[in-house]
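One structure below.
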Amino acid sequence: MKILSIQSAVAYGHVGNSAAVFPLQRIGVEVLPVYTVNFSNHTGYGAWRGPLIDPVDVAAVITGIEERGVFPQIDAVLSGYQGGVGIGDVIVEAVGRVKAANPDALYACDPVMGNAKSGCFVAPAIPELLRERVVPVADIITPNQFELGFLTGTEPDTLESTLDSVDAARAMGPRTILVTSVERPDREPETIEMLVADDSGAWIVQTPLLPMKANGSGDVTAALFTAHYVRTRDAADALARTASSVFDLLQRTFDSGERELQLVESQEAYAHPRLQFAVRQVR
């Protein structure tokens, strides 16, 4: 499997491609990483160095890959945080060219905009870009519950309202929706859930909620789910494998006391997920 992953990169720590590439490689995926920024570290530290990469240069790298004749072999395009409208345009154009070369290729978009605690933390133009131009051409999107509501103009909280919001998102274009953090008011204490829906149904999985903030965990989640789904087209199985791997990554990170994801140390969780959490069909 080959995945063209267009995301940020950091030298220290693990977000964007610096979070997504190694877990994908560890499960046997050939990754073609294209960087949109090349920072010293993620911006959560409040200080960082390094360049935003001009969209023209990002496009040039993608064109160079195309010139090697690789596009017909690409099984999926993956994108995450989009720092500006220009990058969004480059990604949408690249998706079109990959799909022209391989009509079976899927586009997975993590529509990064914010979360319930922090609100929307991207540039004002990004939500409109995602809603109007990017999400409609995606096959898979992986929003958290806040982003799902923001995209669809809804307020998902219960299971029923979250499923309604998922239906609204699927009506926008993507057929497969992974909601990466479902926090139902009536859920068991100290738990969190992930929900997936596609044409064949909807499934939910519950895991313990660890008391931590983990930058880059969403990038790992989107990457692993995309690869598993592309490989099997089985949403429930992809959900089970992703939830298992990501929880074990987060548990190891929490136990370490480190701020950055223990990405390399957790590699067996990607290669051999324990499948310790039951997936329940809800539709």
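May I ask for the Kirkwood hydrodynamic radius of region 63-193, worked out over all distinct Cα pairs and given in angstroms to one decimal?
Working: mean 1/r = 0.0644 Å⁻¹.
Answer for region 63-193: a Kirkwood hydrodynamic radius of 15.5 Å.
Based only on the alpha carbon positions, what is the Kirkwood hydrodynamic radius of region 135-189, in angstrom? Could the numbers behind the result be given before it?
Details: mean 1/r = 0.0904 Å⁻¹.
Result for region 135-189 stands at 11.1 Å.
With springs connecting C-alpha atoms under 10 Å apart, model the chain as a Gaussian network and identify which of Met194, Met172, Met113 has the largest mean-square fluctuation.
For the chain, modelled as a Gaussian network with Cα springs under 10 Å, the answer is Met172.
Just to confirm, what accessible area per residue do you get for the chain at 1.4 Å probe, in whole Å²? Don't skip to the end; give the middle numbers.
Details: 12060 Å² over 283 residues.
Value returned for the chain: 43 Å² of accessible area per residue.
What lysines could a cross-link reach from Lys213, if we take a straight Cα to Cα line under 20 Å and drop same-chain neighbours fewer than 8 places away?
Cross-link targets: Lys117.
Rounded to two decimals, what ratio of Rg to Rh does region 175-283 give with C-alpha atoms and a Kirkwood Rh? Numbers along the way, then the final one.
Numbers: Rg = 13.4 Å, Rh = 14.1 Å.
The Rg/Rh ratio comes out at 0.95.
Report the residue, chosen from Thr242, Thr152, Thr142, that carries the largest GNM mean-square fluctuation when the chain is represented by alpha-carbon nodes joined by springs under 10 Å.
Maximum among the listed residues: Thr152.
Taking all protein chains in place and a 1.4 Å probe, what share, in percent, of the accessible surface of region 82-198 do carbon and sulfur account for?
Details: 2370 of 4660 Å².
Reported share for carbon and sulfur atoms: 51 percent.
Identify, among Pro111, Ala76, Ser165, the residue whose Cα sits farthest towards the positive end of the charge dipole of the chain, taking +1 on the Cβ of Lys and Arg and -1 on the Cβ of Asp and Glu, with the dipole about the Cα centre.
Ala76
Which residue, Lys117, Lys213, Lys99, has the most motion in a Gaussian network model of the chain that connects Cα atoms within less than 10 Å?
Of Lys117, Lys213, Lys99, the most mobile in the Gaussian network model is Lys117.
What is the distance in Å between the Cα centres of region 53-119 and region 237-258?
26 Å
Put a dot 7 Å past each Cα toward the Cβ at Arg283 and Glu160; how far apart are the dots in nm?
Using points 7 Å along Cα→Cβ, the separation is 1.4 nm.
What is the ratio of the Cα radius of gyration of region 162-227 to 2.2 N^0.38 Å, with N the residue count, to two decimals?
On the way: Rg = 12.8 Å, N = 66, 2.2 N^0.38 = 10.8 Å.
Compactness ratio reported: 1.18.
For the chain, what's the relative contact order in percent, using C-alpha pairs closer than 8 Å and at least 6 residues apart?
On the way: 561 pairs, mean separation 46.3, N = 283.
Relative contact order here is 16 percent.
Counting Lys and Arg as +1 and Asp and Glu as -1, each charge on the Cβ, what is the dipole of region 104-177 about the Cα centre in debye, to the nearest 20? Display every interim value, and only then the final one.
Details: 5 positive and 11 negative charges, 38 e Å.
So the dipole magnitude of region 104-177 works out to roughly 180 debye.
Report the percentage of all Cα-Cα pairs in region 1-155 whose separation exceeds 26 Å, rounded to a whole percent. All intermediate terms of the calculation are to be shown ahead of the outcome.
Values: 2779 of 11935 pairs.
Percentage above 26 Å: 23.
What does DSSP give for region 35-166 in terms of the percent of beta bridges that are antiparallel, rounded to the nearest 5?
Values: 3 of 9 bridges.
Once the DSSP bridges in region 35-166 are tallied, antiparallel ones form about 35 percent.
Restricting the calculation to Cα positions, tell me the Rg (one decimal) and the Dmax (whole number) of the chain in Å.
17.4, 53
Sorting check: for 29-42, 269-282, 248-261, which peptide has the highest mean count of neighbouring beta carbons within 10 Å, and how do the rest follow?
Working: 29-42: 19.8, 269-282: 15.2, 248-261: 17.1.
Ranking, from highest mean packing down: 29-42, 248-261, 269-282.
Divide the volume of the convex hull of the Cα atoms of region 223-283 by its number of residues and quote the answer in cubic angstrom per residue.
Numbers: hull volume 5.6 nm³, N = 61.
Taking the convex hull of the Cα positions in region 223-283, it is 93 Å³ per residue.
Quick check: at a probe of 1.4 Å, how many percent of the accessible area of region 233-283 sits on carbon and sulfur atoms? All intermediate terms of the calculation are to be shown ahead of the outcome.
Values: 1210 of 2580 Å².
C and S atoms contribute 47 percent here.
The values are calculated or read from the model by the stated rules, or taken from the named source; none is laboratory data. Everything numeric here is computed off the predicted structure, so don't read it as measured data. Don't worry about glycine lacking a Cβ; one is built from the backbone with ideal geometry, like all the others, and counts go over all protein chains shown. SASA here: full protein model, heavy atoms, side chains in, ligands and nucleic acids out. Shrake-Rupley method; radii C 1.70, N 1.55, O 1.52, S 1.80 Å.
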